[in-house]
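For reference, the structure is listed below as structure tokens.
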Amino acid sequence: MTSISKIDEQLKSKIRGLVKQVVVKHHHEPSKQMIKEMPGRISLACPYCGDSSTDSSKKRGNLYWDTLQYHCFNCGEHGDVYSLLKDHHIQFADRDDSIAIIDYIQEHKIETNDVEVLEHDVFKLIYDLSPTRQELKDALGWVEVEPGDAPFFYLRNRLLTHKLEYFLYSPKDKRLVVLNLAPNNKIIGLQTRALTKHRKSRYLTYDIERIYQEMDKELKVTEEELISLKKISTLFGVLKVDLQREVTMFEGPIDAMFIQNSIGLATAGRSTEEFDEIPTIRYMFDNDDTGKKKMMEKLRRGKKIFMWQKFFEETKMDIKWQQFLKGVDKNELDKYPKELGDLNDLVRAAYILKDASIKSIDQYFSNSKLDAYYLWKI
């Protein structure tokens, strides 16, 4: 029996019929016994967990035609169509069809874990849905940051004028736009920042759903897809990182621009537990109580974190910075960070002080629980 490179319509029809038998056997409500055809997949009420207990129309189980993988967004059950049918005592009438399906699954098996298989599909979806830079500019009236403009001076003060491709400017409400860039100038999310300290809503985060709302477009996805898309679109840089190499995660998108292969969160409050399973992830949260608490949690889970206090003890950067600020005219103090609270502050201080110790920053990431001493040492 030779394997097949693509599922033909006849075999698809047989699979649909068998999956229908599974949901009819497991569910009693007519609405849960229906399967729904979707682009590239069929959705069904999960027979493993019973799916939603409050809405019988919800179908969180998905069978993907390109790989014949099954995934439930409700209980997390993941496998392939063969195991789905076998688990519920349903089988092909024709033995050759069964062998063909097994061969297909083996040939198209993605050599990653379950989470990565799921992420692959969601990443492709958000990339396909995301507007381009030009589409954003045309729809919302945003413009490029040009030398001489207010946002250019803001970025120059933060040593970011070499990263202008990551920014746009909103002249209407005078806000800097920080872009979550994907390949080919696609924008999967963004954050706007008020350029004056006294503005309300200093930071505004736009996930893919809100971008569509601002552009007055309809986002045609399922509820389960939307949950995943909203999470991904607020992870700045996630579509450009290489997870096979070391990845540094920061609280904000600006800090992530100073270290290659990094991800920036829209807020420190966002859960990052799903990333703890990735061995290449390390964390550098802000040098404040919130950041220290988050990094202590990561250290307990065996993840590498940045040891701020150890860095300061050995480089004396914090002391040098405070000495520098004492010599600054009071009217000029607003141009400089009062404390070294994040990586951008650290880079700016190192540049002004001409201090090369920041080049050794990689040495101060540790997953040793003994180094917890440095997190709260004053």
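Which FRET efficiency value, to the nearest 0.05, is calculated for residue 290 and residue 150 with the Förster distance at 41 angstrom and r the Cβ-Cβ distance? Rounded to the nearest 0.05, the efficiency is 0.90. Which of the trypsin sites (Lys or Arg not before Pro) found in the range 324-378 are loop residues per DSSP with 13 or fewer other Cβ atoms within 10 Å of their Cβ? Sites meeting the loop and neighbour criteria: 338, 354, 377. Over 19 Å between Cα atoms: which of 58/217; 163/320; 316/338 fall into that group? In this structure, 58/217; 163/320 exceed 19 Å between Cα atoms. Note on the chain: GNM, Cα springs under 10 Å; of 334, 66, 103, the largest mean-square fluctuation is that of 334.
Here the extension length gained between residue 143 and residue 159 equals 3.7 nm, from 0.36 nm per residue of separation less the Cα-Cα distance.
Under the simplified labelling scheme, the residue 369-residue 301 pair shows an inter-label distance of 1.6 nm, with each label point 7 Å from Cα along Cα→Cβ. Average accessible surface for the chain: 53 Å² per residue, computed with a 1.4 Å probe over protein heavy atoms with every protein chain in place.
At a Cβ-Cβ separation cutoff of 4.7 angstrom, no cysteine residue of the chain is without a neighbouring cysteine.
Counting 0.36 nm for each residue step from residue 14 to residue 31 and taking away their Cα separation leaves a gain of 4.0 nm. For residue 124, the lysines whose Cα falls under 18 Å of its own Cα, not counting residues fewer than eight places away in the same chain, are 109, 186, 220, 230, 231, 240.
Between residue 240 and residue 335, the contour length at 0.36 nm per residue exceeds the Cα-Cα span by 31.0 nm.
In this structure the amide hydrogen of residue 281, modeled in the peptide plane, comes within under 5 Å of the amide hydrogens of 247, none closer than 5 places in sequence on its chain. Carbon-plus-sulfur accessible fraction, the chain (probe radius 1.4 Å, protein heavy atoms only): 49%.
The values are calculated or read from the model by the stated rules, or taken from the named source; none is laboratory data. Note that the coordinates shown come from a computational prediction; the quantities given were computed from them, not determined experimentally. Ideal geometry is used to build each Cβ from the backbone, glycine not excepted, and the neighbour counts take in all protein chains shown. The protein model used for the area step is the full one, side chains on, heavy atoms only, and it has no ligands, DNA or RNA in it. Shrake-Rupley method; radii C 1.70, N 1.55, O 1.52, S 1.80 Å.
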